[in-house]
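Report on the following structure.
The values are calculated or read from the model by the stated rules, or taken from the named source; none is laboratory data. Note that the coordinates shown come from a computational prediction; the quantities given were computed from them, not determined experimentally. Cβ sites come from the backbone with ideal geometry, for glycine too, and all protein chains shown count toward neighbours.
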Amino acid sequence: MPVQVQLRRGTTSDWSTANPTLASGEIGVDTSLTKFKVGNGSTAWNSLGYATITFRGAYAGGTTYYPNDIVTYDNQTYICILQSTGNLPTNTTYWSLLAAKGTDGAVTLNTAQTLTNKTISASNNTLTGPDGTTQIGYLSAPQAHNSSGNYTLVIGDAGDHVYFTGGSTAILTVPTNASVAFPIGTTILAVNNNSGALTISGAGVTFQLANGATGNRTVATKGLATLLKVATDTWYVSGAGVT
């Protein structure tokens, strides 16, 4: 007749409630989890680890975890060292860190710059664009404002273009640095699709042409002006139709 051997066994709840101390080498089977523990003669059941590790996925506050259960939390991996329910993996009484996340990199932006859906990396003072190449300047110049009348630049216009359309003449006012502190190097485009001229002006601001002339600038209809801030209140202005 075949011999049948049955080990000491019980549900997770049964074992937790009784919390017996298994004899050295004695095996106890958790029928709820289909896992087992091996006694050492001195450690109570609830403090014993299961004989194998089990990956339990992302940590959940309402789940009971047992020694040798492994979870992920906040991009790190932890192993349970003491039965626990509702104790975060950062609690070292119940958990031990198995794998830590790396240090996040940092990109410093000035107040006029933002990153949207773009990935860059930096090393040795070189920025690498999302296509893997090193690029200088603006990858695009979104439309910051669409106007048929006069308009005064604001800090959010940096790196964008201002589009004048549907009107006759108009004035684009560039504020002084004391009013709006555009960083040196700020570039702004002005597109004139009005029926008449666009005037670029600003009290206390110098507008420099390549030929050395300063003063207000005029952008002819269908013209495009590039404004580049080179000093506190000095902008270079150039482009098709700019005088």
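If only residues of the range 11-26 that are out of contact with any Phe, Trp or Tyr (no Cβ under 8 Å at 6 or more places or on another chain) and not polar (S, T, N, Q) are counted, the one that is modelled with the lowest pLDDT is G25.
Let's see how each residue does on (1) under 30 Å from V180 (Cβ atoms); (2) under 39 Å from the mean Cα position of the chain (by Cα); (3) at pLDDT below 90:
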site: R9; (1), (2), (3): no, no, no
site: T34; (1), (2), (3): no, no, yes
site: G41; (1), (2), (3): no, no, no
site: T54; (1), (2), (3): no, yes, yes
site: Y59; (1), (2), (3): no, yes, no
site: I81; (1), (2), (3): no, yes, yes
site: L97; (1), (2), (3): no, yes, no
site: A100; (1), (2), (3): no, yes, yes
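In the condition set (1) part of a loop (DSSP other than H, G, I, E, B); (2) more than 22 Å from T63 (Cβ to Cβ), S32 is compliant with all but (2). Put simply, of A190, A197, A170, A158 the only residue that is within 17 Å of T234 (Cα to Cα) and over 30 Å from the mean Cα position of the chain (by Cα) is A190.
Residue-by-condition table, conditions (1) out of contact with any strand residue (DSSP E or B) (no Cβ under 8 Å at 6 or more places or on another chain); (2) surrounded by 12 or more Cβ atoms within 10 Å (Cβ to Cβ):
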position: Q4; (1), (2): yes, no
position: L7; (1), (2): no, no
position: T54; (1), (2): no, yes
position: Y66; (1), (2): no, yes
position: Y73; (1), (2): no, yes
position: T77; (1), (2): no, yes
position: A99; (1), (2): no, no
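If the condition is being surrounded by fewer than 13 Cβ atoms within 10 Å (Cβ to Cβ) and among the small types (G, A, S), then the range 79-95 contributes only G86.
For T92, state whether it is of a type in the set (V, I, T), at pLDDT 90 or above and in a loop (DSSP other than H, G, I, E, B). Can you show your working first?
On the way: of a type in the set (V, I, T): yes; at pLDDT 90 or above: yes; in a loop (DSSP other than H, G, I, E, B): yes.
Judged against the criteria, T92 is a match.
Which residue pairs have Cβ atoms under 8 Å apart, sit 6 or more places apart or on different chains, and have a first residue in the range 8-19 that is touching a residue at least 24 places away in the same chain (Cβ under 8 Å) and a second that is in a helix (DSSP H, G or I)? That search, which allows pairs on different chains as well, returns W15/W45; W15/N46; S16/W45; S16/N46; A18/W45; N19/W45; N19/N46.
Do we have A112 as modelled with pLDDT under 85, under 24 Å from the mean Cα position of the chain (by Cα) and outside any loop (DSSP other than H, G, I, E, B) here? No. Which members of the range 211-232 meet the condition of being part of a loop (DSSP other than H, G, I, E, B), over 23 Å from F164 (Cβ atoms) and either without any contact (Cβ under 8 Å) to a residue 24 or more places away in the chain or not β-branched (V, I, T) (or both)? Of everything in the range 211-232, those that are part of a loop (DSSP other than H, G, I, E, B), over 23 Å from F164 (Cβ atoms) and either without any contact (Cβ under 8 Å) to a residue 24 or more places away in the chain or not β-branched (V, I, T) (or both) turn out to be N211, G212.
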